[in-house]
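Below: the structure, in structure tokens.
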Amino acid sequence: MPANIHPLNSLFMTLEILIERLSAPNVTLVKNLHLRIPGGAIHTVMGASGSGKSTLLAAICGTLGEGLRFEGQISLDGRRIDALPTEQRRIGILFQEDFLFAHMSVRENLLFAVPPGLAAERERRVTSGLQDLEMPDFGNADPATLSGGQRARIALMRALLAAPQALLLDEPFSRLDAGLRERMRLFVYGLVRKRQIPVLMVTHDESDIADPARVTRL
């Protein structure tokens, strides 16, 4: 079995990435990469600036910019998704920036992500999410009044409330100070493992590695 492939856990959703070639004009960024990430696992991709880390995430979620080319396939639970529009891939992404909507309360930010359905059920999911965050009384808060760590937590929960079948993390802790960074790592890793979501994270920080056995260096 190639070094970058891990055994399939058939009980949970699995993200499988096969990249034959990922390129920008006149340069190959990633070549011959094969990852299989079962639910609850966190696979880390590391590399210097310009090595293709963020481009790799864009290829997975379907947001490659002009001039970038992807050859390969992306599958979730055995179903190919690389030909689907971004909004149909069921992949969430968490960036360095939290991108909370300034004109919405915390509750409204979270509710925005919940799929359509009965109003009472959507509200229940938001309430449950705030409880998971240990922020049950923050629903009416203005995002501008939150600390950096609180904003990061809300951004994570908003991504999870969209019911993604896989989650991408793009340098999610790099803007936090050292003490908060460690607490957020523990919080994020614990929550995605609890929900059994396959996670691919790109970072330049060795301290972010969740599982030393699941690391790829570009």
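Any read-out appearing in this document is the output of simple, stated calculations on the displayed coordinates, not a laboratory observation. It should be emphasised that the depicted structure is a prediction, and the values quoted were computed from it without experimental measurement. Cβ coordinates were reconstructed from backbone atoms using ideal geometry, including for glycine residues, and neighbour counts include every protein chain displayed.
Here are the numbers:
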{"quantity": "Per-pair calculated FRET efficiency, R0 = 45 Å: Asp82 and Ser174 via Cβ, rounded to 0.05", "calculated": "0.95"}
{"quantity": "Residue with peak Gaussian network fluctuation, the chain [Cα springs, cutoff 10 Å], from Met13, Met135, Met157", "calculated": "Met135"}
{"quantity": "For segment 121-127, 3J(HN,Hα) per residue [Karplus equation, 6.51 cos²θ - 1.76 cosθ + 1.60, θ = phi - 60°, Hz, x = Gly/Pro]", "calculated": "5, 5, 5, 4, 5, 5, 4"}
{"quantity": "Gain upon complete extension [Asn32, His204; 0.36 nm per residue less C-alpha separation]", "calculated": "59.8 nm"}
{"quantity": "Relative exposure of Ser174, Ser147, judged by other C-beta atoms within 10 Å (fewest first)", "calculated": "Ser147, Ser174"}
{"quantity": "Two-decimal log10 I(q)/I(0) for the chain, as the Debye equation yields it once each C-alpha is a single scatterer, q = 0.13 Å⁻¹", "calculated": "-0.75"}
{"quantity": "Residue (of Ser174, Leu100, Ala163) at the positive-pole extreme of the chain, dipole from beta-carbon charges", "calculated": "Ala163"}
{"quantity": "Of Ile91, Ala120, Leu130, farthest towards positive along the dipole that unit charges on Lys, Arg, Asp, Glu beta carbons give segment 64-218", "calculated": "Ala120"}
{"quantity": "Sorted by Cβ neighbour density within 10 Å, fewest at the top, the residues Lys194, Lys31", "calculated": "Lys194, Lys31"}
{"quantity": "Net dipole in debye of the chain [+1 Lys, Arg Cβ; -1 Asp, Glu Cβ; about Cα centre; nearest 20]", "calculated": "460"}
{"quantity": "Segment 136-199-segment 11-32 distance, computed between alpha-carbon centres (Å)", "calculated": "26"}
{"quantity": "Integer Hz, Karplus 6.51/-1.76/1.60 couplings in order for segment 30-41, x for Gly and Pro", "calculated": "9, 9, 6, 10, 9, 10, 10, 10, x, x, x, 8"}
